[in-house]
Each structure stands twice: as C-alpha cells, then as structure tokens.
Amino acid sequence: MPHLTVQIREEALDGSVEPKLIRALTEAVAAVVGEWARPVAVVELLGVPEHRWGTGGIPGRAPAPVVTLTMREGGLTHPRIPDAPARLIGSLTEAVVTVFGEAVRGDVTVLIVGVPAGRSGVGGEVA
C-alpha cells in the first residue's frame with residue numbers, strides 16, 4: 001500500500017488545495033505503478049507553520065513541499081515497472097507543480113522509502 005506523507009507550509013493549505021493535492025499525488029503513483037495502487041494509496045498532509053520550519057539555519061524559510069512515498073520494496077524493483085523510483089520522483093514532482101505552479105519545481109523534494117518484505121503489516125498481520 002503506497003503511503004504518501006507531505007510536509008508543507010500550513011499557510012499553503014487553504015481548504016481548496018488539499019483535495020487537489022491528494023488527487024494529484026494519488027494519480028501520480030497510480031500512473032507509474034498501476035491502477036491497483038489508486039484505491040489503497042494513503043495521502044497524509046502535515047501542515048507546518050512557517051515559523052516552525054527553517055532552511056539553511058534561517059527560521060521562517062519554508063521550502064516547497066517535501067513528499068515521502070513509503071511502499072513495499074518489491075513494488076519499486078518489479079521488472080514490469082522499469083526505473084520505478086526515478087519515474088515516481090518525476091511523477092510526484094509533476095503532481096506538486098500541477099497544484100502549486102512551476103515556481104516550486106526546483107525546490108520540491110521527493111523521498112522514496114522501500115520497505116523490505118516482512119517489515120510491514122496491516123491489522124496486526126505481517127504483509
């Protein structure tokens with residue numbers, strides 16, 4: 001199950017952005033790994049007030065959104081999905097740019113975390 005966590009400036013979340021971003025990120029994952037991912041993709045938006053974020057040691061300099069995609073490692077190395085991590089990074093970056101505009105492209109950070117088999121579970125069962 002793909003799980004996306006987005007750290008974003010709280011001030012960027014205005015009630016209209018959230019559904020657009022959730023849809024765009026879900027679509028971005030499904031476009032790369034397949035339709036199976038769409039109904040099980042989880043998107044979590046974590047708003048961080050600008051004064052609680054800093055860049056280069058300077059408080060208040062909030063970067064563009066940071067997107068972390070966590071999913072089973074096997075989905076990132078499947079032979080039917082060549083170059084999955086690179087394609088996901090590109091697709092997720094495009095999703096963020098679609099919502100926030102071209103100006104954020106150079107600062108969007110995407111992290112891909114592959115969870116080894118047997119190291120995740122749902123409902124108390126190892127997946």
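Out of everything in the range 62-99 that is under 11 Å from V32 (Cβ atoms) and of a type in the set (V, I, T), what residue ends up being surrounded by the most Cβ atoms within 10 Å (Cβ to Cβ)? By that ranking, first place goes to I89. Before we move on, is G101 of a type outside the set (S, T, N, Q) and on the phi > 0 side of the Ramachandran plot? Spelling it out, G101 is indeed of a type outside the set (S, T, N, Q) and on the phi > 0 side of the Ramachandran plot. In the range 93-122, the residue that is farthest from I22 (Cα to Cα) out of those that are free of Cβ contacts under 8 Å to residues at least 24 places away in the same chain and in a loop (DSSP other than H, G, I, E, B) is G118.
Here's the yes/no breakdown for (1) in contact with a strand residue (DSSP E or B) (Cβ under 9 Å, 6 or more places away or on another chain); (2) without any contact (Cβ under 8 Å) to a residue 12 or more places away in the chain:
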site: H3; (1), (2): yes, no
site: E11; (1), (2): yes, no
site: G15; (1), (2): no, yes
site: P19; (1), (2): no, yes
site: A24; (1), (2): no, no
site: E50; (1), (2): yes, no
site: G56; (1), (2): no, yes
site: G75; (1), (2): yes, no
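Output the residue which, of all residues in the range 29-47 that are in contact with a strand residue (DSSP E or B) (Cβ under 9 Å, 6 or more places away or on another chain) and part of a helix (DSSP H, G or I), is surrounded by the fewest Cβ atoms within 10 Å (Cβ to Cβ). So the residue we want is A37. The single condition among (1) over 22 Å from E11 (Cα atoms); (2) touching a residue at least 12 places away in the same chain (Cβ under 8 Å) that E125 does not meet is (2). Based on this model, can you work out whether L111 counts as loosely packed, with under 13 Cβ neighbours inside 10 Å and modelled with pLDDT of 90 or more? Yes: the conditions hold for L111.
The values are calculated or read from the model by the stated rules, or taken from the named source; none is laboratory data. Values in this document were obtained by computation on a predicted structure and should not be read as measured data. Positions of Cβ are generated from backbone atoms using ideal geometry, with glycine treated the same way; all protein chains shown enter the neighbour counts.
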